[in-house]
1. Scan the range 37-74 for residues that are open to solvent by 10 Å² or more (accessible area, probe 1.4 Å), within 16 Å of the ligand (Cβ to nearest atom) and either of a type in the set (Gly, Ala, Ser) or in a helix (DSSP H, G or I) (or both) and jot them down.
2. Consider the range 22-36. How many of its residues are farther than 24 Å from LYS192 by Cα and open to solvent by 40 Å² or more (accessible area, probe 1.4 Å)?
3. Please state which one of GLY179, GLY158 is open to solvent by less than 50 Å² (accessible area, probe 1.4 Å), under 15 Å from the mean Cα position of the chain (by Cα) and farther than 15 Å from GLN271 by Cβ.
4. Take residues that are over 30 Å from LYS181 (Cβ atoms), among the acidic types (Asp, Glu) and touching a strand residue (DSSP E or B) at 6+ places or on another chain (Cβ under 7 Å) and tell me which of the strands (runs of 3 or more DSSP E) falling wholly in the range 228-303 contain 2 or more.
5. What's the number of the only condition in (1) within 15 Å of the ligand (Cβ to nearest atom); (2) under 19 Å from ASN305 (Cα atoms); (3) open to solvent by 10 Å² or more (accessible area, probe 1.4 Å) that GLU164 fails to meet?
6. Kindly indicate which of THR274, THR301 is within 16 Å of the ligand (Cβ to nearest atom), at pLDDT 95 or above and open to solvent by less than 30 Å² (accessible area, probe 1.4 Å).
7. Which of the residues that make up the range 187-224 are in contact with a Leu (Cβ under 9 Å, 6 or more places away or on another chain) and not in a helix (DSSP H, G or I)?
8. Of all residues in the range 107-149, which are over 22 Å from ASN68 (Cα atoms), part of a loop (DSSP other than H, G, I, E, B) and of a type in the set (S, T, N, Q)?
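The values are calculated or read from the model by the stated rules, or taken from the named source; none is laboratory data. Source: prediction; values computed, not measured. For neighbour counting, all protein chains shown are included, and Cβ atoms are generated from backbone atoms with ideal geometry for every residue, glycine included. Ligands, DNA and RNA are excluded from the accessible area calculation, which covers all protein heavy atoms including side chains. Shrake-Rupley method; radii C 1.70, N 1.55, O 1.52, S 1.80 Å.
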Amino acid sequence: MNKQFAIDVKEGLSKSPKSLSSKYLYDEKGSALFSKIMKLPEYYLTNAEFEIFENKASEIINLLGITNQKNFDLIELGAGDGYKTMELLKALDTLCFQYQYSPIDISAKALNQIEENIKQQFPNKKICPKLGDYFHILHDLKPSPLPKVVLFLGSNIGNMENVEANFFLTHLSENLSKGDKLILGVDLKKSKDIVLPAYNDSQGVTSEFNLNLLSRINSELDADFNTDLFEHTPMYDEEEGVAKSAIKSIVNQEVEIKSLDMKVAFRKEEQIHTEISRKYDDATIQNICLNTGLKIVGRITDSQNYFADYIIGK
Ligand code: AVI
(Lines give C-alpha, C1' and ligand atoms only; values in the text may rest on other atoms or scores of the structure.)
Protein backbone atom coordinates (compact mmCIF):
# COMPACT_ATOMS: atom_id res chain seq x y z
CA MET A 1 0.00 0.00 0.00
CA ASN A 2 1.20 3.55 -0.78
CA LYS A 3 1.41 4.89 2.78
CA GLN A 4 1.40 8.57 1.90
CA PHE A 5 -1.65 8.06 -0.33
CA ALA A 6 -3.49 6.41 2.58
CA ILE A 7 -2.55 9.23 4.97
CA ASP A 8 -3.56 11.96 2.51
CA VAL A 9 -6.88 10.31 1.60
CA LYS A 10 -7.76 9.94 5.27
CA GLU A 11 -6.92 13.57 5.98
CA GLY A 12 -8.53 14.95 2.81
CA LEU A 13 -11.83 13.14 3.29
CA SER A 14 -12.03 13.93 7.01
CA LYS A 15 -11.90 17.68 6.63
CA SER A 16 -14.51 20.16 5.46
CA PRO A 17 -14.58 20.99 2.61
CA LYS A 18 -13.22 17.65 1.44
CA SER A 19 -10.23 17.63 -0.89
CA LEU A 20 -7.74 15.25 -2.52
CA SER A 21 -4.41 16.25 -4.05
CA SER A 22 -4.28 16.39 -7.87
CA LYS A 23 -0.96 14.49 -7.80
CA TYR A 24 -3.00 11.34 -7.09
CA LEU A 25 -4.87 11.66 -10.40
CA TYR A 26 -1.85 10.12 -12.13
CA ASP A 27 -1.90 6.38 -11.49
CA GLU A 28 -1.38 4.22 -14.58
CA LYS A 29 -4.98 4.65 -15.79
CA GLY A 30 -4.97 8.39 -14.91
CA SER A 31 -1.73 8.98 -16.83
CA ALA A 32 -3.17 7.20 -19.88
CA LEU A 33 -6.32 9.34 -19.61
CA PHE A 34 -4.23 12.51 -19.35
CA SER A 35 -2.42 11.52 -22.57
CA LYS A 36 -5.86 11.22 -24.16
CA ILE A 37 -6.87 14.65 -22.78
CA MET A 38 -3.82 16.23 -24.42
CA LYS A 39 -5.13 15.10 -27.82
CA LEU A 40 -8.69 16.40 -27.32
CA PRO A 41 -9.85 19.25 -29.56
CA GLU A 42 -11.05 21.26 -26.52
CA TYR A 43 -7.74 20.91 -24.65
CA TYR A 44 -5.98 23.75 -26.51
CA LEU A 45 -2.98 23.96 -24.14
CA THR A 46 -0.86 21.21 -25.70
CA ASN A 47 -1.27 22.34 -29.30
CA ALA A 48 -0.67 25.98 -28.38
CA GLU A 49 2.61 25.21 -26.63
CA PHE A 50 3.63 22.76 -29.35
CA GLU A 51 3.09 25.54 -31.91
CA ILE A 52 5.47 27.79 -29.92
CA PHE A 53 8.21 25.14 -29.92
CA GLU A 54 7.59 24.18 -33.55
CA ASN A 55 7.65 27.73 -34.94
CA LYS A 56 9.62 29.80 -32.48
CA ALA A 57 12.38 27.54 -31.16
CA SER A 58 15.09 29.81 -32.55
CA GLU A 59 13.56 32.83 -30.75
CA ILE A 60 13.59 30.81 -27.54
CA ILE A 61 17.23 29.86 -28.12
CA ASN A 62 18.19 33.53 -28.69
CA LEU A 63 16.59 34.51 -25.39
CA LEU A 64 18.54 31.82 -23.55
CA GLY A 65 21.72 33.82 -24.18
CA ILE A 66 23.88 30.73 -24.71
CA THR A 67 26.38 30.19 -27.51
CA ASN A 68 27.01 27.03 -29.44
CA GLN A 69 30.65 27.09 -28.33
CA LYS A 70 29.89 25.86 -24.84
CA ASN A 71 28.24 22.73 -23.49
CA PHE A 72 25.14 23.11 -21.29
CA ASP A 73 22.68 21.00 -19.29
CA LEU A 74 19.10 20.92 -20.55
CA ILE A 75 16.93 19.63 -17.72
CA GLU A 76 13.20 18.98 -18.11
CA LEU A 77 11.03 18.74 -14.99
CA GLY A 78 8.03 16.44 -15.47
CA ALA A 79 9.00 15.65 -19.06
CA GLY A 80 5.98 13.46 -19.91
CA ASP A 81 6.29 12.34 -23.54
CA GLY A 82 8.85 15.08 -24.35
CA TYR A 83 6.96 15.73 -27.58
CA LYS A 84 7.30 19.56 -27.49
CA THR A 85 10.89 19.43 -26.31
CA MET A 86 11.81 17.36 -29.36
CA GLU A 87 11.17 20.51 -31.45
CA LEU A 88 13.64 22.46 -29.30
CA LEU A 89 16.22 19.66 -29.61
CA LYS A 90 15.87 19.69 -33.41
CA ALA A 91 16.51 23.46 -33.50
CA LEU A 92 19.49 23.15 -31.12
CA ASP A 93 20.99 20.41 -33.28
CA THR A 94 20.49 22.40 -36.49
CA LEU A 95 22.38 25.28 -34.88
CA CYS A 96 25.14 22.89 -33.69
CA PHE A 97 24.61 23.46 -29.96
CA GLN A 98 26.22 21.04 -27.54
CA TYR A 99 24.09 19.99 -24.63
CA GLN A 100 23.13 17.09 -22.42
CA TYR A 101 19.38 16.43 -22.13
CA SER A 102 18.09 15.17 -18.74
CA PRO A 103 14.37 14.49 -18.68
CA ILE A 104 13.04 13.96 -15.14
CA ASP A 105 9.74 12.19 -14.56
CA ILE A 106 8.04 9.98 -11.98
CA SER A 107 6.90 7.64 -14.75
CA ALA A 108 9.43 5.06 -15.98
CA LYS A 109 7.13 4.47 -18.94
CA ALA A 110 7.32 8.15 -19.96
CA LEU A 111 11.13 8.13 -19.71
CA ASN A 112 11.40 4.95 -21.81
CA GLN A 113 9.19 6.56 -24.43
CA ILE A 114 11.42 9.66 -24.54
CA GLU A 115 14.54 7.49 -24.89
CA GLU A 116 12.88 5.61 -27.72
CA ASN A 117 11.88 8.85 -29.51
CA ILE A 118 15.36 10.32 -29.11
CA LYS A 119 16.96 7.14 -30.45
CA GLN A 120 14.82 7.39 -33.55
CA GLN A 121 15.23 11.11 -34.21
CA PHE A 122 18.79 11.66 -32.95
CA PRO A 123 20.58 8.26 -33.13
CA ASN A 124 23.88 9.69 -31.81
CA LYS A 125 22.49 11.62 -28.88
CA LYS A 126 23.03 10.29 -25.37
CA ILE A 127 20.46 11.39 -22.84
CA CYS A 128 20.55 11.25 -19.08
CA PRO A 129 17.02 10.42 -17.84
CA LYS A 130 16.28 10.62 -14.12
CA LEU A 131 13.40 8.74 -12.55
CA GLY A 132 11.77 10.44 -9.60
CA ASP A 133 9.90 13.36 -8.16
CA TYR A 134 11.50 16.44 -9.73
CA PHE A 135 11.12 18.43 -6.53
CA HIS A 136 13.57 16.08 -4.81
CA ILE A 137 15.88 15.71 -7.79
CA LEU A 138 16.39 19.51 -7.84
CA HIS A 139 18.94 19.04 -5.06
CA ASP A 140 21.23 17.15 -7.45
CA LEU A 141 21.30 19.99 -9.96
CA LYS A 142 23.74 22.35 -8.28
CA PRO A 143 27.05 20.43 -8.50
CA SER A 144 27.23 20.52 -12.32
CA PRO A 145 29.78 23.07 -13.56
CA LEU A 146 27.83 23.54 -16.82
CA PRO A 147 25.24 26.28 -17.39
CA LYS A 148 21.69 25.04 -16.97
CA VAL A 149 18.49 25.51 -18.91
CA VAL A 150 15.51 24.10 -17.00
CA LEU A 151 12.25 23.37 -18.77
CA PHE A 152 9.00 23.39 -16.81
CA LEU A 153 6.33 23.23 -19.48
CA GLY A 154 2.66 22.42 -19.99
CA SER A 155 1.36 24.86 -17.33
CA ASN A 156 2.18 22.22 -14.71
CA ILE A 157 2.87 25.08 -12.31
CA GLY A 158 -0.82 25.97 -12.58
CA ASN A 159 -1.73 22.85 -10.61
CA MET A 160 0.06 24.25 -7.55
CA GLU A 161 -1.54 26.54 -5.00
CA ASN A 162 0.21 29.96 -4.82
CA VAL A 163 2.17 29.15 -1.67
CA GLU A 164 3.34 25.85 -3.15
CA ALA A 165 4.33 27.49 -6.48
CA ASN A 166 6.33 30.17 -4.65
CA PHE A 167 8.02 27.54 -2.50
CA PHE A 168 8.83 25.38 -5.53
CA LEU A 169 10.26 28.26 -7.60
CA THR A 170 12.27 29.59 -4.64
CA HIS A 171 13.75 26.12 -4.26
CA LEU A 172 14.45 25.93 -8.00
CA SER A 173 16.00 29.41 -7.95
CA GLU A 174 18.31 28.38 -5.09
CA ASN A 175 19.53 25.51 -7.27
CA LEU A 176 20.32 27.76 -10.23
CA SER A 177 23.43 29.86 -10.74
CA LYS A 178 23.75 33.28 -12.34
CA GLY A 179 23.18 32.98 -16.10
CA ASP A 180 21.12 29.77 -15.83
CA LYS A 181 17.64 29.94 -17.38
CA LEU A 182 14.18 28.55 -16.79
CA ILE A 183 11.63 28.12 -19.58
CA LEU A 184 8.26 28.26 -17.85
CA GLY A 185 5.21 27.30 -19.94
CA VAL A 186 1.93 28.75 -18.67
CA ASP A 187 -1.65 28.90 -19.85
CA LEU A 188 -2.83 32.52 -20.15
CA LYS A 189 -5.98 34.04 -18.64
CA LYS A 190 -8.78 34.03 -21.15
CA SER A 191 -12.54 33.76 -21.61
CA LYS A 192 -14.55 31.11 -19.81
CA ASP A 193 -15.91 29.98 -23.20
CA ILE A 194 -12.47 28.69 -24.12
CA VAL A 195 -11.16 27.50 -20.74
CA LEU A 196 -14.17 25.64 -19.37
CA PRO A 197 -14.61 23.20 -22.31
CA ALA A 198 -10.91 22.26 -21.91
CA TYR A 199 -11.84 20.86 -18.49
CA ASN A 200 -15.27 19.55 -19.51
CA ASP A 201 -14.76 17.92 -22.88
CA SER A 202 -17.63 16.57 -24.93
CA GLN A 203 -16.26 12.99 -24.94
CA GLY A 204 -16.18 12.86 -21.14
CA VAL A 205 -12.47 11.98 -20.92
CA THR A 206 -11.77 14.67 -18.29
CA SER A 207 -14.72 13.42 -16.27
CA GLU A 208 -13.30 9.88 -16.41
CA PHE A 209 -9.85 11.23 -15.45
CA ASN A 210 -11.25 12.99 -12.37
CA LEU A 211 -13.56 10.14 -11.26
CA ASN A 212 -10.71 7.65 -11.69
CA LEU A 213 -9.39 9.01 -8.40
CA LEU A 214 -12.34 7.32 -6.66
CA SER A 215 -11.62 4.05 -8.51
CA ARG A 216 -8.00 4.35 -7.38
CA ILE A 217 -9.15 4.64 -3.76
CA ASN A 218 -11.40 1.60 -4.35
CA SER A 219 -8.57 -0.57 -5.63
CA GLU A 220 -5.69 0.67 -3.45
CA LEU A 221 -7.57 1.23 -0.20
CA ASP A 222 -10.37 -1.31 -0.49
CA ALA A 223 -13.21 1.22 -0.68
CA ASP A 224 -16.70 1.00 -2.18
CA PHE A 225 -17.18 4.28 -4.06
CA ASN A 226 -19.89 3.87 -6.71
CA THR A 227 -18.60 6.25 -9.39
CA ASP A 228 -22.11 6.43 -10.93
CA LEU A 229 -23.22 8.31 -7.83
CA PHE A 230 -20.58 11.03 -8.26
CA GLU A 231 -20.16 13.65 -10.94
CA HIS A 232 -17.19 15.55 -12.39
CA THR A 233 -17.75 19.25 -11.62
CA PRO A 234 -15.52 21.79 -13.40
CA MET A 235 -15.66 25.56 -12.76
CA TYR A 236 -13.73 28.57 -14.04
CA ASP A 237 -13.44 31.86 -12.24
CA GLU A 238 -12.58 34.24 -15.08
CA GLU A 239 -11.49 37.11 -12.86
CA GLU A 240 -9.22 35.06 -10.65
CA GLY A 241 -8.08 32.99 -13.67
CA VAL A 242 -8.47 29.67 -11.90
CA ALA A 243 -10.15 26.53 -13.23
CA LYS A 244 -11.22 24.24 -10.40
CA SER A 245 -12.27 20.61 -10.65
CA ALA A 246 -14.29 18.79 -8.04
CA ILE A 247 -16.16 15.51 -7.66
CA LYS A 248 -19.75 16.01 -6.52
CA SER A 249 -21.90 13.48 -4.74
CA ILE A 250 -25.30 13.33 -6.48
CA VAL A 251 -27.09 11.71 -3.49
CA ASN A 252 -26.78 11.50 0.30
CA GLN A 253 -24.54 8.47 0.79
CA GLU A 254 -21.93 6.75 2.91
CA VAL A 255 -18.75 5.18 1.55
CA GLU A 256 -16.60 2.67 3.38
CA ILE A 257 -12.80 2.69 3.04
CA LYS A 258 -11.78 -0.60 4.66
CA SER A 259 -8.00 -0.12 4.69
CA LEU A 260 -8.44 3.17 6.52
CA ASP A 261 -11.05 1.74 8.81
CA MET A 262 -13.31 4.68 8.02
CA LYS A 263 -16.78 5.51 6.76
CA VAL A 264 -17.24 8.78 4.90
CA ALA A 265 -20.63 10.47 4.74
CA PHE A 266 -21.50 12.64 1.74
CA ARG A 267 -24.42 15.04 1.55
CA LYS A 268 -26.18 15.41 -1.79
CA GLU A 269 -24.24 18.07 -3.81
CA GLU A 270 -21.22 17.86 -1.46
CA GLN A 271 -17.92 18.19 -3.32
CA ILE A 272 -14.42 16.78 -3.05
CA HIS A 273 -12.04 19.37 -4.45
CA THR A 274 -9.46 17.64 -6.68
CA GLU A 275 -7.52 20.14 -8.80
CA ILE A 276 -6.81 23.77 -9.58
CA SER A 277 -5.45 24.86 -12.95
CA ARG A 278 -4.30 28.46 -12.62
CA LYS A 279 -4.12 30.75 -15.65
CA TYR A 280 -1.58 33.58 -15.80
CA ASP A 281 -0.84 37.10 -17.01
CA ASP A 282 2.37 39.17 -17.03
CA ALA A 283 1.60 40.76 -13.66
CA THR A 284 1.24 37.37 -11.94
CA ILE A 285 4.47 36.04 -13.45
CA GLN A 286 6.30 39.29 -12.54
CA ASN A 287 5.07 38.89 -9.00
CA ILE A 288 6.15 35.25 -8.78
CA CYS A 289 9.61 36.23 -10.08
CA LEU A 290 9.89 39.09 -7.57
CA ASN A 291 9.11 36.71 -4.74
CA THR A 292 11.52 34.01 -5.85
CA GLY A 293 14.67 35.87 -6.88
CA LEU A 294 14.11 35.39 -10.62
CA LYS A 295 13.63 37.82 -13.52
CA ILE A 296 11.76 37.66 -16.82
CA VAL A 297 14.06 37.76 -19.84
CA GLY A 298 11.41 37.29 -22.53
CA ARG A 299 8.03 35.84 -23.38
CA ILE A 300 6.89 33.93 -26.45
CA THR A 301 3.25 33.17 -27.26
CA ASP A 302 1.35 31.11 -29.82
CA SER A 303 -0.53 32.75 -32.69
CA GLN A 304 -3.81 32.90 -30.72
CA ASN A 305 -2.22 34.26 -27.54
CA TYR A 306 -3.56 31.32 -25.56
CA PHE A 307 -0.29 30.13 -24.05
CA ALA A 308 3.10 31.66 -23.18
CA ASP A 309 6.59 30.35 -22.57
CA TYR A 310 8.47 32.74 -20.32
CA ILE A 311 12.24 32.73 -20.44
CA ILE A 312 13.31 33.48 -16.90
CA GLY A 313 16.79 34.15 -15.57
CA LYS A 314 18.48 34.05 -12.20
C1 AVI B 1 -1.11 18.70 -16.04
N2 AVI B 1 -1.95 19.89 -15.99
C3 AVI B 1 -1.25 21.08 -16.46
C4 AVI B 1 -3.29 19.73 -16.57
C5 AVI B 1 -4.09 21.06 -16.46
O6 AVI B 1 -4.48 21.58 -17.50
O7 AVI B 1 -4.25 21.55 -15.35
C8 AVI B 1 -4.07 18.61 -15.90
C9 AVI B 1 -5.48 18.47 -16.38
N10 AVI B 1 -6.52 18.32 -15.63
C11 AVI B 1 -7.62 18.21 -16.35
N12 AVI B 1 -7.28 18.33 -17.61
C13 AVI B 1 -5.93 18.47 -17.66
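1. TYR44, THR46, ASN47, PHE50
2. 6
3. None of the others qualify; the one that does is GLY158.
4. 253-257
5. Only one criterion in (1) within 15 Å of the ligand (Cβ to nearest atom); (2) under 19 Å from ASN305 (Cα atoms); (3) open to solvent by 10 Å² or more (accessible area, probe 1.4 Å) is unmet by GLU164, namely (2).
6. The match here is THR274.
7. Residues satisfying the conditions are ASP187, ASP201, SER202, GLN203, ASP222, ALA223.
8. Hit for the range 107-149 is SER107, nothing else.
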